[in-house]
1. Are any of the residues in segment 79-87 modelled with pLDDT of 85 or more, of a type in the set (S, T, Y) and part of a helix (DSSP H, G or I)?
2. From the set of residues in segment 9-21 that are out of contact with any Ser or Thr (no Cβ under 7 Å at 6 or more places or on another chain) and surrounded by fewer than 12 Cβ atoms within 10 Å (Cβ to Cβ), which is farthest from K50 (Cα to Cα)?
3. Within the bounds of segment 22-32, is there any residue that is under 26 Å from I88 (Cβ atoms), among the β-branched types (V, I, T) and in contact with a strand residue (DSSP E or B) (Cβ under 7 Å, 6 or more places away or on another chain)?
4. Examine segment 51-58 for a residue that is within 23 Å of G110 (Cα to Cα) and within 13 Å of the chain's Cα centre (by Cα), and state whether such a residue exists.
5. Only one residue in L93, L116 is in contact with a helix residue (DSSP H, G or I) (Cβ under 7 Å, 6 or more places away or on another chain), modelled with pLDDT of 95 or more and among the aliphatic types (A, V, I, L, M), so which one is that?
6. Please specify each residue of segment 43-52 satisfying the condition of being surrounded by 13 or more Cβ atoms within 10 Å (Cβ to Cβ) and out of contact with any Lys or Arg (no Cβ under 7 Å at 6 or more places or on another chain).
7. Check off (1) loosely packed, with under 13 Cβ neighbours inside 10 Å; (2) within 26 Å of the chain's Cα centre (by Cα); (3) not in a strand (DSSP E or B) for D112 and give me the number that stays unchecked.
8. Considering only segment 79-104, state which residues are over 20 Å from the mean Cα position of the chain (by Cα) and not acidic (D, E).
Amino acid sequence: MPDEKFKVYVIPVDFSLQYRFNYFKNQPIIPFIGGGVDYYYFSEKQLSEKRTVVSGWKRGYHGNAGFRFNLNRIDPKHAGNLKVDYGIENVYLDFDAKYARVNNFGEEKGVDWTGLTFGLSFLFEF
């Protein structure tokens, strides 16, 4: 019997509110917290028969926290060049941890998308 192959598609959507503890100009580290609601569309397809096995929506909530580190403090000379040449005021490195419970608010059946995720990104402030 040949191996069955499946493909799962997930489209996550979240709506969030965040509070940043940014109290003064050129603050080197800006912590933040937030939370919101999540909606995930998912679809699992069986590739050999080209059919959808299961699909649907899951909804839930999340909380997140992290910090934003101002990279301009490391190299102020080149940061000034970015401002003059490209209009970039600040460059930040963001670290974010998010815990989401996406299981239709406690539903026992079906797919449970609950879990912890981490993110690392750059933010260019114009």
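1. Yes, segment 79-87 contains a residue that is modelled with pLDDT of 85 or more, of a type in the set (S, T, Y) and part of a helix (DSSP H, G or I).
2. Here is the first cut: in segment 9-21, the residues out of contact with any Ser or Thr (no Cβ under 7 Å at 6 or more places or on another chain) are 10-21.
Adding the requirement that they be surrounded by fewer than 12 Cβ atoms within 10 Å (Cβ to Cβ) leaves 11, 13, 15, 17, 19.
Numbers: I11: 20, V13: 26, F15: 33, L17: 40, Y19: 45 Å.
Of everything passing the filter in segment 9-21, Y19 is farthest from K50 (Cα to Cα).
3. At the first step, the residues of segment 22-32 found to be under 26 Å from I88 (Cβ atoms) are 22-32.
Of the ones still in play, those that are also among the β-branched types (V, I, T) are 29-30.
Narrowing further to those that are in contact with a strand residue (DSSP E or B) (Cβ under 7 Å, 6 or more places away or on another chain): 29-30.
Yes: segment 22-32 contains one or more residues that are under 26 Å from I88 (Cβ atoms), among the β-branched types (V, I, T) and in contact with a strand residue (DSSP E or B) (Cβ under 7 Å, 6 or more places away or on another chain).
4. First, the residues of segment 51-58 that are within 23 Å of G110 (Cα to Cα): 51-58.
In the following step, the residues that additionally are within 13 Å of the chain's Cα centre (by Cα) were identified as none.
No, that holds for no residue.
5. Working: L116 fails: in contact with a helix residue (DSSP H, G or I) (Cβ under 7 Å, 6 or more places away or on another chain).
It is L93.
6. Restricting attention to segment 43-52, the residues satisfying the condition of being surrounded by 13 or more Cβ atoms within 10 Å (Cβ to Cβ) are 43-46.
Answer for segment 43-52, where residues must be surrounded by 13 or more Cβ atoms within 10 Å (Cβ to Cβ) and out of contact with any Lys or Arg (no Cβ under 7 Å at 6 or more places or on another chain): S43, E44, Q46.
7. Among (1) loosely packed, with under 13 Cβ neighbours inside 10 Å; (2) within 26 Å of the chain's Cα centre (by Cα); (3) not in a strand (DSSP E or B), D112 violates only (1).
8. Going residue by residue through segment 79-104, those that are over 20 Å from the mean Cα position of the chain (by Cα) are 79-90.
Within segment 79-104, A79, G80, N81, L82, K83, V84, Y86, G87, I88, N90 qualify.
The values are calculated or read from the model by the stated rules, or taken from the named source; none is laboratory data. It should be emphasised that the depicted structure is a prediction, and the values quoted were computed from it without experimental measurement. As a convention, Cβ positions derive from the backbone with ideal geometry for all residues, glycine included, and neighbour counts pool all protein chains shown.
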